[in-house]
Amino acid sequence: MKCDVLTLFPDILTACLNESILKRARDKKLLEVSLYNIRDFASGPHRTVDDSPYGGGAGMVFKPEPVFRALDFLKEDGAPRKVVLLSPQGKTFTQRTAEDYSREKQRFVFICGRYEGIDERVRTLVDEEVSIGDYVITGGELAALVIIDAVTRLVPGALGDEKSAEDESFSWGLLDYPHYTRPREFRGMKVPEVLVSGNHREIMLWRRKEALRKTVKVRPDLIDKVHLTDMDKKILKEIEEEQV
Ligand code: ADE
């Protein structure tokens, strides 16, 4: 994934981009992120980036000029870009969006909004408006990081362990099954026998069952969206019977 981020607070992103998997992905050139401070594109002695809203009301609105100028600057190299505005008004970002973005050949530009809103005319520059969920955070920076993180871990080689991605596609659309590591018994709590049995088919079935059990309990809405195999339907019946 290659992206440019337009923000007033580049340090928020720097902190996360310089740690763990994102840092390693950048070192391996699997992730390329360039940060631009929108204030650098503002004019006037104070480099003002916000102003009061026409029509009155509380709060400040992000001015259009600095964002337009920043995009004009980025477009100078002629490379095609997909411009994404982060805002609570956008389409909800999901794992499906992350997969689509991980296959995207164009460079991304993420515009991080702040204040009460952004001048509506900025939307003429935008290909997609994306929200990370139905809540309001203080700005688009954390949303951009969520997206960069979710997309990067889908890029082959980024996790360093390709089995993780394989396991995910096995349980795609369901919540994850429980995980255990040593010790085999901890404070009276034992690791389920099947996981130490060495029987790979039994382990696979147990994991699928536990993933289905957790999903039915916590996110029953997901069950309707996922493709259930005949085996899944049989397992779901078993789970139902266990409850009565
Ligand atoms: N900015 C403020 N809230 C947001 C959200 N939920 N998603 C993306 N950007 C935002």
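Within region 8-20, at least one residue is within 16 Å of the ligand (Cβ to nearest atom), aromatic (Phe, Trp, Tyr) and either open to solvent by 20 Å² or more (accessible area, probe 1.4 Å) or farther than 17 Å from Val146 by Cα (or both).
All conditions but one from (1) away from the ligand (no atom under 16 Å from the Cβ); (2) in a loop (DSSP other than H, G, I, E, B) apply to Arg207; the one that does not is (2).
If you check Glu168, Glu210 for being under 30 Å from Lys28 (Cα atoms) and open to solvent by less than 70 Å² (accessible area, probe 1.4 Å), only one passes: Glu168. Checking each residue in region 70-95 for being of a type in the set (Phe, Trp, Tyr) and either touching a Lys or Arg at 6+ places or on another chain (Cβ under 9 Å) or more than 15 Å from the ligand (Cβ to nearest atom) (or both) picks out only Phe73. Among the residues in region 169-186, are any on the phi < 0 side of the Ramachandran plot, aliphatic (A, V, I, L, M) and in the same structural domain as Thr229 (by TED's automatic domain parsing)? Yes.
Residues that are open to solvent by 10 Å² or more (accessible area, probe 1.4 Å) and more than 9 Å from the ligand (Cβ to nearest atom) within region 140-154 comprise Leu145, Asp149, Ala150, Arg153, Leu154, listed in sequence order.
Any residue that is touching an Asp or Glu at 6+ places or on another chain (Cβ under 7 Å), among the basic types (Lys, Arg) and away from the ligand (no atom under 16 Å from the Cβ) - is there at least one of those in region 41-58? No, the conditions are met nowhere in region 41-58. Taking the criterion of being open to solvent by 70 Å² or more (accessible area, probe 1.4 Å) and of a type in the set (A, V, I, L, M), the residues of region 183-207 that qualify are Met189, Met204. In the set (1) charged (D, E, K, R); (2) outside any strand (DSSP E or B); (3) at pLDDT 95 or above, the condition left unmet by Lys163 is number (3).
If you check Val226, Val194 for being without any contact (Cβ under 8 Å) to a residue 60 or more places away in the chain, within 30 Å of Glu129 (Cα to Cα) and aliphatic (A, V, I, L, M), only one passes: Val226. Here Val244 fulfils each of the conditions (1) without any contact (Cβ under 8 Å) to a residue 24 or more places away in the chain; (2) among the hydrophobic types (A, V, I, L, M, F, W, C); (3) within 15 Å of Leu175 (Cα to Cα) apart from (3). If you check Leu159 against the conditions, is it under 28 Å from Lys23 (Cβ atoms), within 16 Å of the ligand (Cβ to nearest atom) and of a type in the set (A, V, I, L, M, F, W, C)? No; evaluated as a whole, the condition is false for this residue. Within the span defined as region 222-234, one or more residues are modelled with pLDDT under 95 and over 17 Å from Glu168 (Cα atoms).
The values are calculated or read from the model by the stated rules, or taken from the named source; none is laboratory data. If you're wondering where the values come from, they're calculated on a predicted model, not measured in any experiment. So basically every Cβ, Gly included, is an ideal-geometry build from the backbone, and we count neighbours across all protein chains shown. Calculation scope for accessible area: heavy atoms of the full protein, side chains included, ligands and nucleic acids excluded. Shrake-Rupley method; radii C 1.70, N 1.55, O 1.52, S 1.80 Å.
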